[in-house]
Amino acid sequence: MIRKFLAPVIANMPLAAPGHRVLTFLAPALVADARPGQFVAVAADTGVQVLRRPFSVFTADPATGEASILFSVHGPTSQALAAMRPGDALDLVGPLGGRVFSPDSRPGVRHIFVGGGYGVPPLVFLAKTIHAADPHALMDFVDGARSKEFLVGTDGLEEIGVTLWLCTDDGSCGHHGRVTGVLPDLLGDRSRPAHIYTCGPTPMMQAVAEMAAAFDVPCQVSMEVFMPCGLGVCMGCAVHRTDGTYARGCVDGPVFDGREVVWQ
Ligand SMILES: Cc1cc2nc3c(=O)[nH]c(=O)nc-3n(C[C@H](O)[C@H](O)[C@H](O)COP(=O)(O)OP(=O)(O)OC[C@H]3O[C@@H](n4cnc5c(N)ncnc54)[C@H](O)[C@@H]3O)c2cc1C
């Protein structure tokens, strides 16, 4: 159920990556309903912005009722988020998003997450959700960034059995190059079925979806198009589909089948 919250801020922690933070807040009703791929629409008293801004749910802990978002500072709303202190009230609406990540239930499936930038948070939520349902699930997380310090958000995944594949544009950590450089080895293993879930910059997701199609592996993509209302009303987040129709990224997505999307 979509609700409006004035959620008390619990913590606002800087990450090693410049301008990146994790904001934790108390919202038990949101935690109870949120699914991986869903997001919250945040309002901040910026003085210049009317519209809320979307941020993916990063963590949702049923034991504490706490949820978090991982964000990088771009403009007024994220600057206001960066300035929040414990005890402040975070004004948000959520959980939003009508179509979320759907874990592949085939026996023995290899779950492959491919994230870049602020596409990592919903995939971390998904990996933890899959692990909670099946502690023996086989999971690989391919994380790409421009350099080592921008590889954020995947702490703790190895402890739940996720194999991390780190990629940096400058070669400062892991594979020197793009996420698509390590995917062929993972997708080439035909001993078990595979399924890709990806979120990040559009060119990255396009490349991943095209590679998945070439290997005939299903691929879910979370489209982080600009979403003015987040509620399906304004039509400002249109996603062009290969059947010629347009979907609303916020309520018909944000998750789509990679073969459904017209990328250019
Ligand atoms: C479903 C969804 C989930 C998201 N989850 C996260 C998240 O978990 N963490 C996070 O840091 N961000 C996330 N974003 C992006 C975030 O909503 C935007 O960056 C937002 O504009 C930030 O607001 P702002 O006021 O700080 O900056 P703004 O003033 O809104 O934007 C600053 C600059 O960034 C550009 N910009 C804004 N959004 C985008 C975009 N989507 N693509 C390309 N350029 C853009 C603007 O044109 C402007 O130049 C998500 C977006 C969507 C649609």
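The values are calculated or read from the model by the stated rules, or taken from the named source; none is laboratory data. Note that the coordinates shown come from a computational prediction; the quantities given were computed from them, not determined experimentally. Using ideal geometry, Cβ is built from the backbone for each residue, glycine included, and neighbour counts are taken over all protein chains shown.
Of the residues making up segment 1-31, those that are farther than 14 Å from Thr59 by Cβ and either surrounded by fewer than 16 Cβ atoms within 10 Å (Cβ to Cβ) or hydroxyl-bearing (Ser, Thr, Tyr) (or both) number 11. From the list Val255, Val233, Val239, Val225, the lone residue that is touching a strand residue (DSSP E or B) at 6+ places or on another chain (Cβ under 7 Å), within 16 Å of the ligand (Cβ to nearest atom), on the phi < 0 side of the Ramachandran plot and assigned to a loop (DSSP other than H, G, I, E, B) is Val225. Among the residues of segment 230-253, are any closer than 17 Å to Val124 by Cβ and out of contact with any His (no Cβ under 6 Å at 6 or more places or on another chain)? So far as segment 230-253 goes, no, none of its residues is closer than 17 Å to Val124 by Cβ and out of contact with any His (no Cβ under 6 Å at 6 or more places or on another chain).
For segment 14-48, filtering for residues that are away from the ligand (no atom under 12 Å from the Cβ), part of a strand (DSSP E or B) and under 25 Å from Phe150 (Cβ atoms) leaves 3. Scanning segment 101-123 for residues that are near the ligand (Cβ under 10 Å from one of its atoms) and of a type in the set (A, V, I, L, M, F, W, C) yields one hit, Val120.
Pick from segment 54-67 the residues that are of a type in the set (Ser, Thr, Tyr) and within 12 Å of the ligand (Cβ to nearest atom): which of them is farthest from Met227 (Cα to Cα)? Among those that are of a type in the set (Ser, Thr, Tyr) and within 12 Å of the ligand (Cβ to nearest atom), it is Thr59. Scanning segment 144-165 for residues that are closer than 26 Å to Pro18 by Cα, surrounded by fewer than 20 Cβ atoms within 10 Å (Cβ to Cβ), without any contact (Cβ under 8 Å) to a residue 40 or more places away in the chain and in contact with a helix residue (DSSP H, G or I) (Cβ under 7 Å, 6 or more places away or on another chain) turns up at least one hit. Just one residue in the set Gly200, Gly249 is touching a Cys at 6+ places or on another chain (Cβ under 7 Å) and surrounded by 13 or more Cβ atoms within 10 Å (Cβ to Cβ); that residue is Gly249.
Report yes if Ala89 is more than 8 Å from the ligand (Cβ to nearest atom) and either touching a Phe, Trp or Tyr at 6+ places or on another chain (Cβ under 9 Å) or not assigned by TED's automatic domain parsing to the domain that holds Asp155 (or both), otherwise no. Yes; evaluated as a whole, the condition is true for this residue. The listed residues are Leu70, Leu51, and the only one of them that is of a type outside the set (Gly, Ala, Ser), more than 6 Å from the ligand (Cβ to nearest atom) and either part of a loop (DSSP other than H, G, I, E, B) or in contact with a strand residue (DSSP E or B) (Cβ under 8 Å, 6 or more places away or on another chain) (or both) turns out to be Leu51.
Criterion applied to Val124, Val109 was being modelled with pLDDT of 95 or more, of a type in the set (Val, Ile, Thr), more than 15 Å from the chain's Cα centre (by Cα) and within 30 Å of Asp189 (Cβ to Cβ), and the one residue passing it is Val109. Of all residues in segment 73-86, those that are away from the ligand (no atom under 11 Å from the Cβ) and of a type outside the set (Lys, Arg) total 3. With respect to the conditions (1) within 8 Å of the ligand (Cβ to nearest atom); (2) surrounded by fewer than 20 Cβ atoms within 10 Å (Cβ to Cβ); (3) over 26 Å from Val182 (Cβ atoms), Gly98 lacks only one, and its number is (1). For segment 125-143, a tally of residues being surrounded by fewer than 19 Cβ atoms within 10 Å (Cβ to Cβ) and small (Gly, Ala, Ser) returns 2.
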